[in-house]
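Each remark here refers to the structure printed beneath this line.
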Amino acid sequence: MTTWLVVGSLVLGAGALWLLLPRGRRAGRSLGTLLGTIALGLLLAALEPLGPGWATALFYLLAAMTLVSAVCTISFRNPVYCAVWFGLTLLGTAGLLFFQGAQFLGTATVIIYAGAILVTLLFVLMLANPRGQASYDRRAWEAPLAATVGAALLGVFLTGIFSAWQVAPQPQSLDEKSYALAPLGAELFSKHLIAVELAGTLLLAALAGAVAVVAQHAPRNAPLASSTQPTHSARSSTPEAQVR
Amino acid sequence: MTALVLKSVVLITGLMLAVSYLILLERKVAAWIQDRRGPNRVGIPLTRVRLFGLGQPIADGLKFIFKEEYTPSHVDRAMFLVAPVVILTTALATFAVIPFGSVVPVGGKPEPLVVAPGVNVGILYVFALSSVAVYGVILGGWASNNKYSFLGAMRSSAQLIAYEIPLGLGILGLVLFTGTLRLDTTIELQARSGVWLLLVQPMGFLVFAVAACAEAARLPFDLLECEQELVGGYHTEYAGMKMALFAMAEFLHMLTASVLIVVLYLGGWHFWGLTGSGNLISWPQALLRVAVFWAKVMLVVLAFMVIRWSWPRFRFDQLMNLAWKVMVPLGLVNLVATATVAQFWPQGWRQHPWAVAGIMWAVSLATVALWALVSPVGSQAQQRRGPDEFSMRRVEATS
């Protein structure tokens, strides 16, 4: 029963995604929305209730919000709207992590993705004036292929999750200790120390690269401190020549 | 569940009332500093009782509610509507993890005065929500479809993002010392030892307070609304209740910053010889703790207001220089010093707050002195100004 529900929702979802992706014409978007809603309902119906009534309701609400805003992220035409929908996806994900008791991961998701990366993205989008883009830039490439691959990927994940669920149907209860941050930090800085250090070095290299790109445009002989006002420093560096 | 609903209702009602009266307080402080009287007319309606203008917030609120909800035709409607909602929601949601007192004895059991008492990452939660609040500013400025609003939104979000780094760096030393990210535990630690963390982390406090002021976008840092340069700011196109949401969010941000400063550095509800430190307390003692807490918060708020009306606004490059060249290095020095003490202290450094405080003060003063010796304040400004453009033109004209 569950298998058929999931397969049905995947097929319907792929069709909905294909109809919803920006393909250059508006026809079929309402049908896509309808199909998508049915697919979402089937997918949520396939899940077993998770606990007391309000907890289940909260989970369904967060999950539906995350999925709907994720679909909106790729189906809206205006890039700024896409970015805002993506922000909502991140908030939904963070909410789900909170729901599972992973408070640190939830807040870290919001701080890093929503607070830093997405805001920078929004800057670029807004400064690049999205309304002025050509139509071929605002269209989804290979919409049918993308929808099929997305549904297939989701199917693989869901199969894995459901089979793991059948092995251990009872979720282990979390005690106060497993909420703590210290074990996570200890794990990161002992077992995964090299990965953490490598990631840090990569970020540092990116930072140095950004500084190098900016410094390229500064005049060669001017002190770096005054690079915020290039015209002034360029002139004041050779005052005698100016006076002459 | 009942306790949760009750606490939320009390907190939100209290915050809304506090915000409206903070606006009055702000105007009174401004009037006091500028040698005026300030709003003093509105009292009880239909009588001649004036009550020092205490009716002013209610009159303002009614005016905001009944004003025409005007939406200009050139705006992006959906985002125009979403922006004030985002900014106020995040400002309010921050208070879910912030303790507004100690505990109250309900049925012989201590009930913590926090809406969400189980949150383990309280400080990070506050930071996460304050980073989401940036969206309200950016979207408001962008949706207005107005160059000046957009400029204001751009530079203010650059400011908010830049100051999140010193904000985080400032408290890292404190978190190392307390070993927790919970706000209530931080207060309990200070109450038990009797040493407020301002004494232990002087440089961290400086960095955090400046960054919190910038995050709240109070006047020396209020580049997001700048009447002289931007007509109004990111909310120029807003009117009526939407404008009121922005104004409320601004004051809520200030309140958040003040509460965080009190909780983290000024001992929360603790006062020596007055409040005790345990969790088993009677009702009068619980109320006394609440009173002490909010008295401290009000003092910090007053300090914020006096700062606002005493300082001119920073230029954008000064703002960025302060963040990246002053606050970030100071925060790093503070973090490294605290970590060094933690590493090389023989055993149990948290049991000796006075000794740690002595070391940290010595390090702070040494850092400032060294900085002053290596790069005196005046040197950078002189170097940048040089022979200025206008005098050079005059030389050209005369020769």
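Name every residue in region B:127-143 that is out of contact with any Phe, Trp or Tyr (no Cβ under 7 Å at 6 or more places or on another chain) and more than 9 Å from every other protein chain (Cβ to nearest Cβ), in order of residue number. Listed by number, the residues that qualify are B:ALA133, B:GLY136. Among the residues making up region B:104-126, a single one is facing chain A (nearest Cβ under 9 Å) and free of Cβ contacts under 8 Å to residues at least 24 places away in the same chain: B:GLY118. When B:THR94, B:THR47 are checked against the criterion of being surrounded by 17 or more Cβ atoms within 10 Å (Cβ to Cβ) and among the polar types (S, T, N, Q), B:THR94 stands alone in meeting it. Listed by first and then second residue, the pairs linking a residue in region A:1-19 that is farther than 17 Å from A:PHE76 by Cα to a residue that is in a helix (DSSP H, G or I) and of a type in the set (Phe, Trp, Tyr), with Cβ atoms under 8 Å apart and 6 or more places separating them unless they lie on different chains, are A:THR2/A:PHE162; A:VAL6/A:PHE162. Any idea how many residues of region B:9-66 are part of a loop (DSSP other than H, G, I, E, B) and more than 17 Å from B:LEU302 (Cβ to Cβ)? Total satisfying the criteria: 17.
Out of A:LEU105, A:LEU96, report the one residue that is at pLDDT 85 or above, surrounded by fewer than 21 Cβ atoms within 10 Å (Cβ to Cβ) and more than 12 Å from every other protein chain (Cβ to nearest Cβ).
Numbers: A:LEU105 fails: more than 12 Å from every other protein chain (Cβ to nearest Cβ).
Checking each option against the conditions leaves just A:LEU96.
The listed residues are B:ALA339, B:ALA303, and the only one of them that is among the hydrophobic types (A, V, I, L, M, F, W, C), in a helix (DSSP H, G or I), free of Cβ contacts under 8 Å to residues at least 60 places away in the same chain and surrounded by fewer than 18 Cβ atoms within 10 Å (Cβ to Cβ) turns out to be B:ALA303.
Identify all residues within region B:244-291 that are in a helix (DSSP H, G or I), within 28 Å of B:ALA211 (Cβ to Cβ) and among the small types (Gly, Ala, Ser); write none if there are none. Across region B:244-291, the qualifying residues are B:ALA244, B:ALA247, B:ALA249, B:ALA257, B:SER258.
In region A:109-130, the residues that are more than 13 Å from B:PHE150 (Cβ to Cβ) form Cβ pairs under 9 Å with partners that are among the acidic types (Asp, Glu) and modelled with pLDDT of 85 or more, at six or more places apart or across chains, as follows: A:ILE111/B:GLU164; A:GLY115/B:GLU164; A:ALA116/B:GLU164. Tell me, please, whether a residue that is within 20 Å of the chain's Cα centre (by Cα), without any contact (Cβ under 8 Å) to a residue 40 or more places away in the chain, buried (at least 19 other Cβ atoms within 10 Å of the Cβ) and within 27 Å of B:SER131 (Cβ to Cβ) can be found in region A:40-62. Yes: region A:40-62 contains one or more residues that are within 20 Å of the chain's Cα centre (by Cα), without any contact (Cβ under 8 Å) to a residue 40 or more places away in the chain, buried (at least 19 other Cβ atoms within 10 Å of the Cβ) and within 27 Å of B:SER131 (Cβ to Cβ). Among the residues here, B:GLY152 qualifies as under 20 Å from B:GLY232 (Cα atoms) and more than 10 Å from every other protein chain (Cβ to nearest Cβ).
Going by the structure shown, is B:THR275 within 14 Å of chain A (Cβ to nearest Cβ), hydroxyl-bearing (Ser, Thr, Tyr) and over 25 Å from B:PRO57 (Cβ atoms)? Taking the combined requirement at face value, the residue does not satisfy it. Every condition in (1) at pLDDT below 80; (2) more than 14 Å from chain B (Cβ to nearest Cβ) holds for A:LEU224 except the one numbered (2). In the set (1) over 22 Å from B:GLY152 (Cα atoms); (2) modelled with pLDDT under 90, the condition left unmet by B:GLN228 is number (1). Taking the criterion of being surrounded by 13 or more Cβ atoms within 10 Å (Cβ to Cβ) and touching a residue at least 24 places away in the same chain (Cβ under 8 Å), the residues of region B:59-77 that qualify are B:ASP60, B:GLY61, B:PHE64, B:LYS67, B:PRO72, B:VAL75, B:ASP76.
Number of residues in region A:7-39 that are surrounded by 19 or more Cβ atoms within 10 Å (Cβ to Cβ) and outside any helix (DSSP H, G or I): the value is 1.
The values are calculated or read from the model by the stated rules, or taken from the named source; none is laboratory data. For clarity, every value in this text was computed on a predicted model and none was experimentally measured. Glycine also receives a Cβ, built like all others from the backbone with ideal geometry; neighbour counts cover every protein chain displayed.
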